[in-house]
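Visitor: Following this message is one structure expressed as structure tokens.
The values are calculated or read from the model by the stated rules, or taken from the named source; none is laboratory data. Computed from a predicted structure; not experimentally measured. Cβ placement follows ideal geometry from the backbone for every residue including glycine, while neighbour counts extend to all protein chains displayed.
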Amino acid sequence: MVNKTCSKSYINSQRRNSSNTGVVVPEISSLDAINVIQTTVSLSWSIGETQHVDVIQLFQSGSVAMNWSSLTSSYTVTSLDPGTEYEFFVKILSYGYTDETQPIIVTTGSYRK
């Protein structure tokens, strides 16, 4: 049984050792805000080699904002408040393992008069 709250170094060692089972455990990284305007933020991230994903989750300011059950590496968040700070990170769950990006802080544009 895998301890799902184990350290990142343990999980990384298990990723390296997973080749014996034929399972490729995905890694997720490089979350980036590629377009930030008044009420919209376009996000992208990188997913390492994998053929399977249980779920990918986008977190917005601490809460799950979106779930996907297939591989996806971008999303546009809409209906945001202008001039507001938001924190985003992405988590992937696969084969009982999890990995997540470092959070990013994005401030939406504000209206100008």
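Visitor: Among the residues of the stretch 95-113, are any among the small types (Gly, Ala, Ser) and assigned to a strand (DSSP E or B)?
Guide: No: zero hits.
Visitor: State whether one or more residues within the stretch 45-61 are surrounded by fewer than 16 Cβ atoms within 10 Å (Cβ to Cβ), in a strand (DSSP E or B) and either touching a helix residue (DSSP H, G or I) at 6+ places or on another chain (Cβ under 9 Å) or modelled with pLDDT of 90 or more (or both).
Guide: Yes, that holds for at least one residue.
Visitor: Report, by residue number, each residue of the stretch 74-113 that is of a type in the set (Val, Ile, Thr) and touching a residue at least 60 places away in the same chain (Cβ under 8 Å).
Guide: Val90, Ile92, Thr98, Thr101, Ile104, Val106, Thr107, Thr108
Visitor: While we're here: Of everything in the stretch 64-113, what is small (Gly, Ala, Ser) and within 16 Å of Leu43 (Cα to Cα)? Give them in sequence order.
Guide: Passing the criteria: Ala65, Ser73, Ser74, Ser79, Gly109.
Visitor: Moving to a separate point now. Can you name the residue in the stretch 62-94 that is assigned to a strand (DSSP E or B) and touching an Asp or Glu at 6+ places or on another chain (Cβ under 8 Å) and is also surrounded by the most Cβ atoms within 10 Å (Cβ to Cβ) among such residues?
Guide: Applying the filter and picking the extreme gives Val90.
Visitor: Any idea which of (1) at pLDDT 85 or above; (2) under 30 Å from Ser79 (Cβ atoms) is the one Glu27 doesn't satisfy?
Guide: (2)
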